[in-house]
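In what follows, a single structure is set out as structure tokens and then discussed.
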Amino acid sequence: MTAGDTHRTINAVWRIESARIIGAVARMVRDVGVAEELAQDALVAALERWPREGIPGNPGAWLTTAAKHRAVDLLRKRTLHASKAEEVGRELDAQHAMAAADFSEAVDAALDDEVGDDILRLVFTACHPVLSPDGRVALTLRLLGGLTTDEIARSFLVPEPTIAQRIVRAKRTLAAARVPFEAPRANELAARLASVLEVIYLVFNEGYSATAGHDWMRPALCEEALRLGRILAELMPGEPEVHGLVALMEIQASRAAARVDANGDPILLLEQNRGRWNQILIRRGLTALERAEKLGGALGPYALQAAIAACHARARTGADTDWQRIAALYEALAQLAPSPIVELNRAVALSMAFGPAVGLELVDALRSEPLLQGYHLLPSVRGDLLAKLGRKSEAYLEFKRAAELTRNARERKLLLMRALACAGSAAGPGVD
């Protein structure tokens, strides 16, 4: 194996194992920032030794052991500096011996019992509400996704130093706030889980409809969000909203191949070739939605959105779509989690179910909404409805305004084309 092959293998192992390693070390040092540094030290050691010595039979265990060695050394130094009693030193010696031991099947089994807990703790720590949303996203992708600072920066089209600052600031905030490395208690679970789900969906949405740049989609971000969501569903099988979010992402991701043409330009929902929708992802999504429903109780915001996505997934053609059910689901979503964007999507569903005039009435009521003043989909949806009503000159102005507001080059091109066509028959973009 060449040095290049070895380095590629190390990078692949790190991407798969990093969350487990950081979680295991964080359990020892109680600080995710320090844990990541120690895990990175182990990675550097692998980059130095594996090209000479060969890749070990269990590379993940090797990295974990190396990181734990460094954690024990750090704890020993802290203990000596604090002048702890010899009893603590003996306890650390025992930990050091355990960490240095070969990973036999018996040790593997013992460690596996805590792996899930470690990753769950890491999820809730990286997504802690004390952090800014940008900080949560960057730290989650770094700690749980194993992405480099450069990879995160390129995914979100921001300078690498900006992402580096967000990560450093997030670690310092966690340390300053003394956020414990633990899963939240029962009375804190709902608020903390909402933050975790929000972070995962923010990552997915940025991949599904990029807010800026040249590409309409960034599939790598969708894949990373799906991976995190699936892990969370395994760790928290009794939480319906976790399954609801996974269902929503699986179904939306199923459309990826049909959402762009050969040139990478967007294709709106009702114009997509549904034969290109990924049926495996649709089945996974419908199964996850069924799990959420079977857990009982009223559906939460993510499960409701998944139910809307399922209406599209089950329709063999655009004409078969049950728009009345979609409108009703948006009504339920608006009551549960009211927002101007939900209302805008509800307007699109109402226009499809009962005619463009009905939808336009609701859209016009949203024009004074402060949160939508710079939101390009408001004039885009309004332009579509005006075009369907034959008010082409007004539609032209709305599409032009939408094109000016979007920061995505592909979307701008589409909106300008719609401005020129004005009488286009495509459905409003708010439902995709």
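Values in this text are rule-based calculations from the coordinates and carry no lab data. All figures in this text were calculated on a predicted structure; none of them were measured in a lab. As a convention, Cβ positions derive from the backbone with ideal geometry for all residues, glycine included, and neighbour counts pool all protein chains shown.
May I ask for log10 I(q)/I(0) of region 322-432 at q = 0.14 Å⁻¹, from a Debye sum over the Cα atoms as equal point scatterers with solvent left out? At q = 0.14 Å⁻¹ the computed log10 ratios are -0.50. Relative to the longest principal axis of the Cα atoms of the chain, the long axis of helix 340-354 makes an angle of roughly 40 degrees. With each label modelled as a point 7 angstrom along the Cα→C-beta vector, the LEU397-THR287 pair spans 5.3 nm.
Volume per residue, Å³, of the convex hull around the alpha-carbon atoms of region 233-279?
On the way: hull volume 4.2 nm³, N = 47.
Taking only Cα atoms, region 233-279 has a hull volume of 89 Å³ per residue.
Take every Cα pair under 8 Å in region 322-432 that's 6+ residues apart, average their separations, divide by the length, and report that relative contact order as a whole percent.
Values: 155 pairs, mean separation 25.2, N = 111.
Reported relative contact order: 23 percent.
Please list, in order along region 11-27, the HN-Hα scalar couplings obtained from phi with the Karplus expression 6.51 cos²θ - 1.76 cosθ + 1.60 (θ = phi - 60°), rounded to whole Hz, x for Gly and Pro. Karplus values, whole Hz, x for Gly and Pro: 4, 5, 4, 4, 4, 7, 9, 4, 4, 4, 5, 4, x, 5, 6, 4, 4. Per-residue ellipticity at 222 nm from helix content only, as computed over the chain with -39500 (n - 2.57) for each DSSP H run of at least four residues, stands at -23500 deg cm²/dmol. Peptides 8-19, 219-230 ordered by packing proxy, namely the average of other Cβ atoms within 10 Å per residue, highest first: 219-230, 8-19. Annotation: extensible slack from VAL44 through ALA177 equals 44.9 nm (criterion: 0.36 nm per residue apart, minus Cα-Cα distance). Taking amide H positions as modeled 1.01 Å from N, with prolines and chain starts lacking one, the residues under 5 Å from VAL260 and 5 or more places away or on another chain are ILE267. Which whole-number percentage describes the relative contact order of the chain, with Cα contacts under 8 Å and a sequence gap of 6 or more? Answer for the chain is 11 percent. Taking 7 Å steps out from each Cα toward its Cβ at ALA212 and HIS7 produces label points 3.1 nm apart.
Residues in region 72-78 carry Karplus couplings, in order, of 5, 4, 5, 5, 4, 5, 4 Hz; the curve used is 6.51 cos²θ - 1.76 cosθ + 1.60 with θ = phi - 60°, and Gly or Pro positions show x. When a/c reaches 1.5 or more, the comparison of a/b and b/c decides; with that in mind, is region 297-364 rounded, prolate or oblate per its Cα gyration tensor? Oblate is the answer for region 297-364, as a/c is 1.5 or above yet b/c matches or exceeds a/b.
Here the 3J(HN,Hα) profile of region 257-265, calculated from phi with Karplus coefficients 6.51, -1.76 and 1.60 at θ = phi - 60°, is 5, 8, 7, 9, 8, 4, 8, x, 7 Hz, Gly and Pro shown as x.
Taking 0.36 nm per residue of separation and subtracting the current Cα-Cα distance, fully stretching the chain between ALA421 and THR162 would add 89.2 nm.
In plain terms, the chain from GLU223 to VAL260 could stretch by 11.6 nm, reckoned as 0.36 nm per residue minus the Cα-Cα distance.
Distance between the 7 Å Cα→Cβ label points at ASN187 and ARG15: 4.3 nm. Computed from Cα atoms, the angle from the helix 301-314 axis to the main principal axis of the chain rounds to 60 degrees.
Which shape class applies to region 215-349: rounded if a/c is under 1.5, otherwise prolate when a/b exceeds b/c and oblate if not, where a ≥ b ≥ c are the square roots of the Cα gyration tensor eigenvalues? Mind dumping the intermediate values first?
Numbers: a/c = 1.66, a/b = 1.17, b/c = 1.42.
In terms of gyration-tensor shape, oblate.
Rounded to the nearest 0.05, what FRET efficiency do ARG52 and ALA334 give with R0 = 60 Å and r taken as the Cβ-Cβ distance? Could you check? That gives a FRET efficiency of 0.45. To the nearest whole percent, what portion of all C-alpha pairs in the chain is separated by more than 28 angstrom? Every Cα pair in the chain considered, those over 28 Å come to 56 percent.
Assuming charge only on the beta carbon of Lys and Arg (+1) and of Asp and Glu (-1), the dipole of the chain about its Cα centre is about 1040 debye to the nearest 20.
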